[in-house]
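Undergrad: Structure in structure tokens, see below.
The values are calculated or read from the model by the stated rules, or taken from the named source; none is laboratory data. Every value quoted in this text rests on a predicted model; they were computed, and no experiment measured them. Cβ atoms come from the backbone with ideal geometry, glycine included; neighbour counts cover every protein chain shown. Accessible surface areas use protein heavy atoms only, side chains included; no ligands, DNA or RNA. Shrake-Rupley method; radii C 1.70, N 1.55, O 1.52, S 1.80 Å.
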Amino acid sequence: GVLLLSEFAGSAQSLGGAIRVNPWNTEELATAIETALNLSPVERELRHHKLYRYVSEHTAEYWARTFMTEFRNCHTNKPHLSKLPKLNINKVVKAYERAKNRLIISDYDGTLMRIQTLPQLATPAPAIINLLDTLCRDPRNTTFVMSGRERRFMETWLGKLRIGLAAEYGFYHRMPGNNNEWQSIGLDLELNWKDVVQPIMKYFMDRVTEWSRYATAPCPRRP
């Protein structure tokens, strides 16, 4: 016989003798069944021997022994993890007070606010707004907040403050001030590749149980 194996199965990358197929694609599944039925006896035997050799060598005992060996190695040879030293608060405060000009850059998600999957849950707390407002009122400070969020969310949350904003991982930015407009580093980028990539991404997104899609607004063009 010939093994038809779902490409989403955990063993799909290991059992090379199987015919991998997307079970949700009926046309692809039908083609795979036809291919399996029309295989020559020699190719069937070769595929079977390849599968048999793999499962015979990679038994449950083999996996357990491999995992335990790796665990022991990790315990014996602990990786050297270098940590950034903590700043001395007193020195930071003194340096801040002495500075004539200060550039303050902060990330949004994970720094000012906890990381949230839904933008509606990432609205800044009043204390954060007051803190940023205090910083930007000092003429010696130039304050920027960066985020991967869309600029419309950054504008709604922090647009009234006299701070610089960088949205969509820096693709859009707005300099400090109330009347400054959003600018983009990609005014001259060619975005026709999206028409090719999006159908491919949608093909795979439709085949997983949980997915999320993030698309930005169209990039403005130069006149």
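Undergrad: Quick one: Kirkwood hydrodynamic radius for region 13-91, alpha-carbon pairs, angstrom, one decimal?
TA: Averaging 1/r across every pair of different Cα atoms and inverting gives 17.5 Å.
Undergrad: Quick one: with all protein chains in place, what share of the accessible area of the chain is carbon or sulfur, to the nearest percent (1.4 Å probe)?
TA: Here it works out to 58 percent.
Undergrad: Which whole-angstrom value gives the distance between the alpha carbon centres of region 71-123 and region 1-44?
TA: Each part reduced to its Cα centre gives a spacing of 48 Å.
Undergrad: Please sort 148-159, 107-118, 10-21 by packing, taking for each peptide the average over its residues of neighbouring beta carbons within 10 angstrom, highest first.
TA: Ranked by mean Cβ neighbours within 10 Å, highest first: 148-159, 10-21, 107-118.
Undergrad: Then there's this: Provide the per residue accessible area, probe 1.4 Å, for region 104-175, rounded to a whole number of square angstrom.
TA: Ligands and nucleic acids excluded, the figure is 56 Å² per residue.
Undergrad: Report the net charge of residues surrounding PRO126, where surrounding means a beta-carbon distance below 14 angstrom and charges are Lys +1, Arg +1, Asp -1, Glu -1.
TA: That sum, taken over residues with Cβ under 14 Å, equals 0.
Undergrad: Considering the Cα positions of the chain, please state its Rg to one decimal place and its Dmax as a whole number of Å.
TA: Considering the chain through its Cα atoms, Rg and Dmax are 27.8, 83 Å.
Undergrad: Would you look at the GNM of the chain, springs on alpha carbons closer than 10 Å, and say which of PRO124, PRO85, PRO23 moves the most?
TA: With Cα springs under 10 Å in the chain, the top fluctuation among PRO124, PRO85, PRO23 is at PRO85.
Undergrad: With +1 on each Lys and Arg Cβ and -1 on each Asp and Glu Cβ, and nothing else charged, work out how big the dipole of the chain is about its Cα centre, in Debye to the nearest 20.
TA: That gives a dipole near 1480 debye.
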